[in-house]
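Okay, so here's the structure we're looking at.
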Amino acid sequence: MAEKIKQTQFDKVGVNPFSAPTPGESLTTPTDMPKSWERPPQYTDQGNAMEAVYMELTQIDNLRKLIDLIDEGTSLDEIAQVVLYKGYTEGKWTPDLMILLIEPTLYLLVAIADYADIKDYILYDGEENDPDAEIHGDDVEPVNWDEDDEDEEIKTDKMAEPKAESLGESLLSRVESELPSKVEQLKGDM
């Protein structure tokens, strides 16, 4: 009987490297049962796809979970990646359209965080250590010329307000009109 001379890395973890699918095996699946990403996408227009993202994220149950995630410190870009990739795997849009939806989805998530009064949200991991994100001269304390307003807090935003170019006119108006009331409703429930 032949004995193994040397234990491989696969033997150490108990994995058979030859139990993987054969290359090209996915091409032999029946054509009448394609995967969702192998069919034509549900949305081909960026505006319609963004409307679907908005409707999905602002459902009350999803919005509650989303606000909790943002409040716990999950970065907005990770949330956007999960939401958009999920839509791709469900056959809602193509990878190209998914890339186009990144910016408006981030603006939507920023708006949700702002309406939920979450001011210390994380836009992306490593943001605080990124030298490109620093504003030159930001560490300089401004001179207060008006002595009467010493107690007034200076508000700084990480991102500008969503614009019609990124969200679209109709969706921007819905964000500005519907989203605050939905977030207030959630605040009242908590």
Would you mention how many residues in region 12-56 are of a type outside the set (A, V, I, L, M, F, W, C) and closer than 23 Å to G87 by Cα?
-> 21
V13: passes all of (1) surrounded by 14 or more Cβ atoms within 10 Å (Cβ to Cβ); (2) free of Cβ contacts under 8 Å to residues at least 60 places away in the same chain; (3) of a type in the set (A, V, I, L, M) but (1)
Scanning for something charged (D, E, K, R), loosely packed, with under 13 Cβ neighbours inside 10 Å and either part of a loop (DSSP other than H, G, I, E, B) or in contact with a strand residue (DSSP E or B) (Cβ under 7 Å, 6 or more places away or on another chain) (or both), does region 78-95 turn up at least one residue?
-> yes
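For the condition at pLDDT below 90, more than 22 Å from L171 (Cβ to Cβ), in contact with a helix residue (DSSP H, G or I) (Cβ under 9 Å, 6 or more places away or on another chain) and not in a helix (DSSP H, G or I), what is the one hit in I118, I122?
The match here is I122.
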Tell me which of these G126 doesn't satisfy, since it passes every other one: (1) among the small types (G, A, S); (2) closer than 24 Å to L186 by Cα; (3) surrounded by fewer than 13 Cβ atoms within 10 Å (Cβ to Cβ).
-> (2)
Mind listing just one residue for me: the one in region 96-108 that is without any contact (Cβ under 8 Å) to a residue 40 or more places away in the chain and closer than 15 Å to I79 by Cβ and, of those, surrounded by the most Cβ atoms within 10 Å (Cβ to Cβ)?
-> M98
Taking T74 as the residue in question, decide whether it is more than 27 Å from L123 (Cα to Cα) and of a type in the set (V, I, T).
-> no
State whether the residues of region 14-33 include one that is over 26 Å from I118 (Cβ atoms), of a type outside the set (F, W, Y) and touching a Lys or Arg at 6+ places or on another chain (Cβ under 9 Å).
-> yes
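The values are calculated or read from the model by the stated rules, or taken from the named source; none is laboratory data. These numbers were taken from a predicted model, which means no experiment stands behind them. Because the Cβ atoms are built from the backbone with ideal geometry, glycine has one as well, and the counts that use them run over all protein chains shown.
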